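As structure tokens, the structure follows; a few thoughts come after it.
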Amino acid sequence: MNQNNPYQPTPEQPPVQPHRGNLVLVLGILGIAFNVCGIPGILAWIFGASDLKQMKAGRMDPSGESTTRAGYLCGIIGTCMVLAGILLYLVIGILFAGAISSMNL
């Protein structure tokens, strides 16, 4: 048994998967910084929720929980920003269309 490998299962401990905290955090930050399409934020939200559930169940390395949670929250924020932007564009478009149609040209 290798003592230097934290992922090496011991007889009383089941094997755990390595965490993806850095990936989730990068996707979450990209979701906020480049909130054009929303895909990175949605992926961070999905991966973060899945990984946090795995960590609670003991099937994933819990050392990346804070990084995963930060990326998860950034993903939620980035996705909400995209949805707010879409809603804003729709409202502006409806108002602009109403203003154009009320003009008697």
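The values are calculated or read from the model by the stated rules, or taken from the named source; none is laboratory data. Owing to the predicted nature of the structure, the values given are computational and were not obtained by experimental measurement. No Cβ is skipped: glycine too gets one built from the backbone with ideal geometry, and neighbour counts run over all protein chains shown.
Starting from the range 59-83, take each residue that is β-branched (Val, Ile, Thr) and list its partners that are outside any helix (DSSP H, G or I), counting only C-beta distances under 6 angstrom and pairs at least six apart or across chains.
Within 6 Å, the pairs are 79/38; 82/35; 82/38.
Could you tell me whether any residue of the range 37-60 is assigned to a loop (DSSP other than H, G, I, E, B) and touching a helix residue (DSSP H, G or I) at 6+ places or on another chain (Cβ under 6 Å)?
yes
Is there a residue being crowded, with 20+ Cβ neighbours inside 10 Å, closer than 30 Å to residue 14 by Cα and hydrophobic (A, V, I, L, M, F, W, C) anywhere in the range 55-63?
Yes - at least one qualifying residue is present in the range 55-63.
Of the conditions (1) loosely packed, with under 14 Cβ neighbours inside 10 Å; (2) modelled with pLDDT under 95, residue 38 fails just one. Which one is it?
Result: residue 38 passes all but (1).
Looking at the range 29-54, I want the residues that are polar (S, T, N, Q) and have a partner that is assigned to a helix (DSSP H, G or I) with Cβ atoms under 6 Å, at least 6 apart or on another chain. Which pairs are those?
Hits for this filter: 35/78; 35/81; 35/82.
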